[in-house]
Amino acid sequence: MTGETKKRQVRIGFQTSIITVFVGVVLLVGLTLVYLSFERVTAITRTAASGFTEKVAQLGADHVDEQFKNVRDNLDILAGLPAIQEADIADNTRLYGLMAAMLRNNPQLFNLYVGYEDGSFIEMDVIDRAKPAFRAGLKTDEDAAFRLVVIARTSGSAPVTQYLSENLIAVAEVPGPTGYDPRQRPWYVEAFKNDKTLLTGPYVFYATGEPGYTLRTPLKEGRRGVVAGDVLLNRFEDMLAEQKLGQSGQAFLFNDAERIVGHPSMSRLMAQIPERQDDLPQLGALGLPAVVPIVRSWRNGGPAQQFFDDDAGRTYIAAVHRLETTGSANVRLAIVAPLDEFYARIIGERRTLFALALAFVGATLPFAFWLGSRMAEPLRRLAEETDAIQRFDIAERPRIRSVIAEIEELGRSVFTMRSVISSFASFIPRPIVRQLIETGSALRLGGSRREVTVLFTDVADFTAKTERADPSQVMIYTSRYFAALSDVIMQHHGTVDKYIGDAVMAFWNAPADDPDHTANACRAVLACLAANQALDKEFRREGWPSYDTRFGLHVGDAVVGNVGSSDRMNYTALGATVNLASRLEGLNKSYGTSVLVSSAVRARVGDAFLFRSVDSITPKGFAEPIEVSELRGEKAMANEAEIAMCRRWDQVFASIARDGTAEAALVQLSGFLHDYPSDPIALFHARRLRSSAEGAAA
């Protein structure tokens, strides 16, 4: 790698991805449908709520207008009476009875009165329609139901206030009021300024000290004056309470000054501003901050119905409507109601729909996992199969099937690939095939110099044992022999190069690096001896001669790579190291041994294995002598007698090499042969020394 750092690619399994995609699609479609249905129901709910609230607001406004119109009709009737037109108001019991009847039929009215341009005045109040403090301030009899005030300026009589029972029987009479002039009151003044409007106010009434509205109309005939009636604000409470929606809805009246002029809880709202009893509460007193912007938006041409959420997240609908009878007073009716109260069933069904949709999505998730797993299972098995092939695990397995055509074709291809590689590995060393699979490289001619440990084997007297046997049997038993040795070699990380007749060539540390290749080669040789002995027992039981095998092992540099032609090549090792390993194998016949190794092998593995010296030779092509040793086994597994024998032999061998005369060396050997009379190496050196001694004597 250069200075650039490769980004690690993130990969996910097919099963995970297919399940993720399937679940994603289910969630996307399901939640989209949930959302669309939720939004649709919400839109329908809001549309219905908007229309319904508008209808309620219209009916409420019509109801309020009807109340005002009823008062106006009574005022018109009163204004048409000759007694009113002629100001015949003193001791007019018929007029008093008519006014009382009008008040009884209009419970929203507190009183009726008429004021004239000369200051004359008549007023009849329903005492108990004001606050209790009003009756207490009058200090009158409990039977008094009406208060009658008469100021007859034309007759010259003094002002008088009478208290009448329900049947208009006088129960008390007091003088006054003396300082009252109707011509100074707002209702009188405004009646002549704008005779097209019905309403004056709100303002604080002279008699009760309570706020309210005056409905008035000027006299059209007779004397100049104004006929009027008062509606106390507290009388609006019951009327507006009938207009609300649901349990928490509110219907209220307000004016252009954003003051509440009528509310079901007007008394409570008024009590919140005790320092200004002549004022009216602001819209903010409702505790719904969104109402003020909605009212302002409506006054600027915005929609009459709007939705908003309070601080707790509850959705409300507000509707505003004009009152036709209020004229320039610009009193409006507003209705505010929580959406979930008067559309609770629809909203509940919407929640149910949402819950059912979520339940459906949740119910499909296990199916999505199951289907994704079923679809991914063949691919997972194919991935395991290809991984096994990459690990060169090419054991026979059944072909992977699938109902999906592409996966079925992929399974066929993987099955064919395993068969091809299995056949390919029968002709090329498996480490080479494994390397080709792992690296993805192609076979090509050429090689490189590297250190390898090379092994040659050969079967003693193979030709004599098999020349008269059936050739097919020779092939079968020899193949069994090769298979046994090859399996052991490969188990110890060796590469089987080739079979030469009855011989095997193998090497370690190529093509894959093996830092402990010499030790692995030694262990492989010892394991081959054990496998060979077990196989020979089987051969003898089957009537086939045993394959006594000799081994030669050397470590050194060699040229390793592919040789041959582009059409047919062989991965092998070439050089003196290979030649010496072959020579060592052949020397076993001379020394009567099974395993000979070079001094390089012995030096490389150190004390891990048990060796004994055999001879010092100078092979053809080598300038320096080569020390040859016999590999006896792993030292950790050898017994004390074996170790002692090898140690004693090495002492004898050293003395043979050190002493100058054959006679002295023979003396050393005779002692060893006395204890080990059949030792082939000792016998070899004894024969050679005797021959040397005899030659010297001659």
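Report whether or not Asp76 is part of a helix (DSSP H, G or I), at pLDDT 70 or above and in contact with a Ser or Thr (Cβ under 6 Å, 6 or more places away or on another chain).
No.
Can you find a residue that is modelled with pLDDT under 85, out of contact with any His (no Cβ under 9 Å at 6 or more places or on another chain), not basic (Lys, Arg) and not in a strand (DSSP E or B) anywhere in the range 224-233?
Pass one, the range 224-233, residues modelled with pLDDT under 85: 231-233.
Now narrow it down to the ones that are out of contact with any His (no Cβ under 9 Å at 6 or more places or on another chain): 231-232.
So of that shortlist, the ones also not basic (Lys, Arg) come out as 231-232.
If we keep only those that are not in a strand (DSSP E or B) as well, we get none.
Scanning the range 224-233, I find no residue that is modelled with pLDDT under 85, out of contact with any His (no Cβ under 9 Å at 6 or more places or on another chain), not basic (Lys, Arg) and not in a strand (DSSP E or B), so the answer is no.
Quick check, is Ile77 hydrophobic (A, V, I, L, M, F, W, C) and open to solvent by 40 Å² or more (accessible area, probe 1.4 Å)? Steps first, please.
Values: hydrophobic (A, V, I, L, M, F, W, C): yes; open to solvent by 40 Å² or more (accessible area, probe 1.4 Å): yes.
When the stated conditions are applied, Ile77 passes them.
What tally of residues in the range 661-695 results from selecting those that are touching a residue at least 40 places away in the same chain (Cβ under 8 Å) and open to solvent by 70 Å² or more (accessible area, probe 1.4 Å)?
Residues that pass the stated criteria total 0.
Let me confirm something: among Ile404, Ile346, which residue is closer than 28 Å to Gly24 by Cα, in contact with a helix residue (DSSP H, G or I) (Cβ under 8 Å, 6 or more places away or on another chain), open to solvent by 50 Å² or more (accessible area, probe 1.4 Å) and at pLDDT below 70? Give the derivation first.
Values: Ile346 fails: closer than 28 Å to Gly24 by Cα.
Of the residues listed, the single one that is closer than 28 Å to Gly24 by Cα, in contact with a helix residue (DSSP H, G or I) (Cβ under 8 Å, 6 or more places away or on another chain), open to solvent by 50 Å² or more (accessible area, probe 1.4 Å) and at pLDDT below 70 is Ile404.
Would a scan of the range 55-70 turn up a residue that is open to solvent by 50 Å² or more (accessible area, probe 1.4 Å), basic (Lys, Arg) and either modelled with pLDDT of 70 or more or touching a Gly at 6+ places or on another chain (Cβ under 9 Å) (or both)?
yes
Say we look at the range 579-609 and pick out the residues that are open to solvent by less than 10 Å² (accessible area, probe 1.4 Å) and of a type in the set (A, V, I, L, M); which of these is nearest to Asp516 (Cα to Cα)?
Looking at residues that are open to solvent by less than 10 Å² (accessible area, probe 1.4 Å) and of a type in the set (A, V, I, L, M), I get Val601.
Return the residues of the range 286-296 that are open to solvent by less than 40 Å² (accessible area, probe 1.4 Å) and either in contact with a helix residue (DSSP H, G or I) (Cβ under 6 Å, 6 or more places away or on another chain) or not in a loop (DSSP other than H, G, I, E, B) (or both); say none if nothing qualifies.
Of the residues in the range 286-296, the ones open to solvent by less than 40 Å² (accessible area, probe 1.4 Å) are 286, 288, 290-292, 294-295.
Residues satisfying the conditions are Leu286, Val291, Val292, Ile294, Val295.
Restricting attention to the range 630-660, and to residues there that are out of contact with any helix residue (DSSP H, G or I) (no Cβ under 9 Å at 6 or more places or on another chain) and not in a helix (DSSP H, G or I), which single residue is surrounded by the fewest Cβ atoms within 10 Å (Cβ to Cβ)?
Per the stated criteria, the residue is Gly660.
Looking only at the range 317-336, decide whether some residue is within 34 Å of the chain's Cα centre (by Cα), under 20 Å from Glu54 (Cα atoms) and either modelled with pLDDT of 85 or more or part of a helix (DSSP H, G or I) (or both).
Kept after step one, since they are within 34 Å of the chain's Cα centre (by Cα), are these residues of the range 317-336: none.
Checking the range 317-336: not a single residue is within 34 Å of the chain's Cα centre (by Cα), under 20 Å from Glu54 (Cα atoms) and either modelled with pLDDT of 85 or more or part of a helix (DSSP H, G or I) (or both).
Check Lys620 against each of (1) open to solvent by 40 Å² or more (accessible area, probe 1.4 Å); (2) closer than 23 Å to Thr577 by Cα; (3) touching a strand residue (DSSP E or B) at 6+ places or on another chain (Cβ under 7 Å) and name the one condition it does not meet.
Checking Lys620 against (1) open to solvent by 40 Å² or more (accessible area, probe 1.4 Å); (2) closer than 23 Å to Thr577 by Cα; (3) touching a strand residue (DSSP E or B) at 6+ places or on another chain (Cβ under 7 Å), the one that fails is (3).
Out of the residues in the range 526-538 that are surrounded by 14 or more Cβ atoms within 10 Å (Cβ to Cβ) and free of Cβ contacts under 8 Å to residues at least 40 places away in the same chain, which is nearest to Ile476 (Cα to Cα)?
Filtering first and then ranking leaves Asp536.
Looking only at the range 472-514, which residues are open to solvent by 30 Å² or more (accessible area, probe 1.4 Å), more than 17 Å from Ala460 (Cα to Cα) and of a type in the set (D, E, K, R)?
If the condition is that a residue be open to solvent by 30 Å² or more (accessible area, probe 1.4 Å), more than 17 Å from Ala460 (Cα to Cα) and of a type in the set (D, E, K, R), then Asp487, Lys498, Asp513 are the ones that fit.
Please find, among Arg541, Arg523, the residue that is among the basic types (Lys, Arg), under 22 Å from Glu451 (Cβ atoms) and open to solvent by 30 Å² or more (accessible area, probe 1.4 Å).
Working: Arg541 fails: under 22 Å from Glu451 (Cβ atoms).
Exactly one of Arg541, Arg523 is among the basic types (Lys, Arg), under 22 Å from Glu451 (Cβ atoms) and open to solvent by 30 Å² or more (accessible area, probe 1.4 Å), namely Arg523.
Among the residues of the range 512-529, write down those that are among the aliphatic types (A, V, I, L, M) and modelled with pLDDT under 95.
Selection gives Ala512 alone.
Within the set of pairs 6+ apart or on separate chains, which have a first residue in the range 101-124 that is on the phi > 0 side of the Ramachandran plot, a second that is not in a strand (DSSP E or B), and C-beta atoms under 8 Å apart?
Gly119/Arg153; Gly119/Asp181; Gly119/Pro182; Gly119/Arg183
For the structure I just gave you, tell me whether Leu148 is surrounded by 19 or more Cβ atoms within 10 Å (Cβ to Cβ) and farther than 18 Å from Gly225 by Cα.
Spelling it out, Leu148 is indeed surrounded by 19 or more Cβ atoms within 10 Å (Cβ to Cβ) and farther than 18 Å from Gly225 by Cα.
Give the residue that is nearest to Leu553 (Cα to Cα), with candidates limited to residues of the range 629-647 that are in contact (Cβ under 8 Å) with a residue 12 or more places away in the chain and under 60 Å from the mean Cα position of the chain (by Cα).
Of everything passing the filter in the range 629-647, Glu634 is nearest to Leu553 (Cα to Cα).
Looking only at the range 544-566, decide whether some residue is over 29 Å from Ile626 (Cα atoms), of a type in the set (Phe, Trp, Tyr) and surrounded by 14 or more Cβ atoms within 10 Å (Cβ to Cβ).
Looking through the range 544-566, at least one residue is over 29 Å from Ile626 (Cα atoms), of a type in the set (Phe, Trp, Tyr) and surrounded by 14 or more Cβ atoms within 10 Å (Cβ to Cβ).
If we scan the range 155-162, do we find a residue that is crowded, with 16+ Cβ neighbours inside 10 Å and more than 18 Å from Thr208 (Cβ to Cβ)? Spell out how you get there, then give the answer.
Filtering the range 155-162 for residues crowded, with 16+ Cβ neighbours inside 10 Å gives 159-162.
Retained after the next criterion (residues that are more than 18 Å from Thr208 (Cβ to Cβ)): 159-160.
Scanning the range 155-162, I find at least one residue that is crowded, with 16+ Cβ neighbours inside 10 Å and more than 18 Å from Thr208 (Cβ to Cβ), so the answer is yes.
The values are calculated or read from the model by the stated rules, or taken from the named source; none is laboratory data. Note that the coordinates shown come from a computational prediction; the quantities given were computed from them, not determined experimentally. Using ideal geometry, Cβ is built from the backbone for each residue, glycine included, and neighbour counts are taken over all protein chains shown. Protein only, heavy atoms only, side chains kept; ligands, DNA and RNA dropped before computing areas. Shrake-Rupley method; radii C 1.70, N 1.55, O 1.52, S 1.80 Å.
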